[in-house]
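Here's the structure, in structure tokens; my notes come after.
Values in this text are rule-based calculations from the coordinates and carry no lab data. These figures come from a predicted structure and were not determined experimentally. In this analysis, Cβ positions are derived from the backbone assuming ideal geometry, glycine residues included, and neighbour counts consider all displayed protein chains.
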Amino acid sequence: MQTIIETTSISYEVKKSTFLSYLVPLSEFNALHVKLKNEHPKASHIVWAKRSLNEYGQIVENNSDDGEPKGTSGPPVLNVMRGHELIDVGILIVRYFGGIKLGTGGLVRAYGSSAKEVIAHSPLTLFIIKETISFMSAYHLVPRFEHYLLTHHLESINREFENEGVKWDVALSEEEKKSFLLFALVFEQDGFRLLTQ
């Protein structure tokens, strides 16, 4: 599976209709959708499709034709995403009608081609499945854990300061988890406690 780190956009034209395509990380999808609606009030349609992985490792998909004839826009975009095995991303396509009707087959081809073009212009990266682990650390250990996360290019998803210490939630790949546990278990007698197994 593949994913992206940053948004890519391209413009694609078919029979005077302009298609502005955006391949976006899922975390930024909703904000970009709202922004595009505000920036393109005269656009005919804003079609979208998205794919993600849920906590059970299942692929979750959704799409919208946004007023185009049913099945002519969202599903073709989703099919292109499936073909490239994209995950945790969305595609938004803003269409400005150029005055020439494309017909159902033409719409399917135009939206599919727009999706292919934006993917072709995007730097794709391997999607790595990560597991969220939770742990507690005593306050005096916080600098050590911050330093570990920083030097290993890991981010804390959540950090809560509580009476008995700091509760951390960190997303780790299988390899990252093994390395982290080797580091953290040294502090088990000194205020480290794993909350998830």
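Could you size up the charge dipole of the stretch 36-187 around its Cα centre, putting +1 on the beta carbon of Lys and Arg and -1 on that of Asp and Glu, and report it in debye to the nearest 20? List each step's numbers first, then the result.
Details: 16 positive and 19 negative charges, 157 e Å.
With Lys and Arg at +1 and Asp and Glu at -1, about 760 debye.
With the cut-off at 30 Å, tell me which of the pairs Lys15/Lys70; Lys116/Lys178; Lys116/Lys177; Lys50/Lys167 have Cα atoms farther apart than that.
In this structure, Lys116/Lys178; Lys116/Lys177; Lys50/Lys167 exceed 30 Å between Cα atoms.
Listed options for mean projected area of the Cα convex hull in nm² are [x] 16.6; [y] 13.1; [z] 11.2. The value calculated from this structure is the one marked [y]. Sites count as exposed loop sites when they are GluC sites (Glu not before Pro), lie in a DSSP loop, and have at most 15 other Cβ atoms within 10 angstrom; the longest stretch of the chain without one is 86-154. Loop-located trypsin sites (Lys or Arg not before Pro) in the stretch 34-89 (DSSP state other than H, G, I, E, B) with a sparse environment of at most 10 neighbouring Cβ atoms within 10 Å: Lys42, Lys70.
The Rg/Rh ratio for the stretch 103-155, using Cα coordinates for both the radius of gyration and the Kirkwood hydrodynamic radius, is 1.40. Compared with the dominant principal axis of the Cα atoms in the chain, helix 26-39 is inclined by about 40°.
Taking the centroid of alpha carbons for each part, the stretch 124-197 and the stretch 59-102 are 38 Å apart.
According to the Cα-based calculation, Rg over Rh for the stretch 71-118 is 0.98, with Rh computed by the Kirkwood formula. For the chain, a Gaussian network of Cα nodes joined below 10 Å ranks Thr125, Thr72, Thr151 by mean-square fluctuation, and the top entry is Thr151.
Using a Gaussian network model of the chain in which every pair of alpha carbons under 10 angstrom is joined by a spring, one finds that among Val166, Val24, Val47 the greatest mean-square fluctuation is at Val166.
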